[in-house]
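Shown next, in structure tokens, is the structure this report addresses.
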Amino acid sequence: IWGYHLPTDLANQQIVSDPDGILTGWKAQLISYPEALRQSVLRQYREILAYWAQDYHYASKVERRDLVFLVGLSGKLANAILQVVFAFNRVYYPGDGWNLPMAAELKYLPPDFISRMTQMLEPGGDIDAWRRQRAEFIAMVEDLEVLLAA
């Protein structure tokens, strides 16, 4: 649902046929995570996270319990957080499948990353669930900034 990630596929796919060596050459270039890609991904997704951490509309949608908006935004924010975490670790973003189990194996993560992300994605149904989720999202953005500054 988040699009096609060519570097991920090229870096991880098994090449079956490549008579001219084009795919092999591309794959060789991706052995090391490109710094330009890392900086671009970090810049793009940090901007998204910083914006939503301060957005008035997000806060008002939480108060109104606008579930369609909040569920959609939860996915967008989870994707942005994961993009930052994978890029910071110089690991290609895996795409749509098994992101949290793969993230659990990364070297650098915010504290209690997997359990916090799981809680953010499964906020519960009580009256304060979305407030807790938003507060945790803001705390996660702050923790990411601390990690990135280290």
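The values are calculated or read from the model by the stated rules, or taken from the named source; none is laboratory data. Computed from a predicted structure; not experimentally measured. Please note: Cβ atoms are built from the backbone with ideal geometry, for glycine as well, and neighbour counts cover all protein chains shown. Note: accessible area is taken over every heavy atom of the protein model, side chains too, but ligands, DNA and RNA are not part of it. Shrake-Rupley method; radii C 1.70, N 1.55, O 1.52, S 1.80 Å.
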>> Using only DSSP helix segments of four residues or longer, with each worth -39500 (n - 2.57), what per-residue ellipticity at 222 nm results for the chain after dividing by its residue count and rounding to 500?
In response: -21000 deg cm²/dmol
>> Calculate the FRET efficiency for Lys76 and Asp126 from the Cβ-Cβ distance with a Förster distance of 25 Å, rounded to the nearest 0.05.
In response: 0.60
>> Apply the Karplus curve 6.51 cos²θ - 1.76 cosθ + 1.60, θ = phi - 60°, to the phi angles in region 103-119 and return the couplings in whole Hz, x for Gly and Pro.
In response: 5, 4, 8, 6, 6, 10, 9, x, x, 6, 4, 5, 5, 5, 4, 4, 5
> To the nearest 0.05, how large is the calculated FRET efficiency for Arg90 and Glu136 if R₀ is 35 Å and r is the Cβ-Cβ distance?
Replying inline: 0.85
>> Kirkwood hydrodynamic radius, the chain, all distinct C-alpha pairs: what's the number in Å?
In response: 16.7 Å
> Can you give the angle from 0 to 90° between the axis of helix 35-54 and the longest principal axis of the chain, with both taken from C-alpha atoms, to the nearest 10?
Replying inline: 10 degrees
> Accessible area per residue of the chain at 1.4 Å probe, in Å²?
Replying inline: 59 Å²
> Given 0.36 nm per residue, what is the gain on full extension from Ile15 to Val68 after removing their alpha carbon distance, in nm?
Replying inline: 15.0 nm
>> Net charge around Asn89, counting only other residues with Cβ within less than 10 Å of its Cβ (Lys, Arg = +1; Asp, Glu = -1)?
In response: +2
> Considering only protein heavy atoms and a 1.4 Å probe, what is the carbon-and-sulfur percentage of the accessible area of region 34-143?
Replying inline: 57 percent
> Where nothing but the Cβ of Lys and Arg (+1) and of Asp and Glu (-1) is charged, how large is the charge dipole of region 22-150 around its Cα centre, in debye to the nearest 20?
Replying inline: 300 debye
> Arranged from highest to lowest average of other beta-carbon atoms within 10 Å per residue, in what order do the peptides 128-140, 38-50, 57-69 appear?
Replying inline: 128-140, 38-50, 57-69
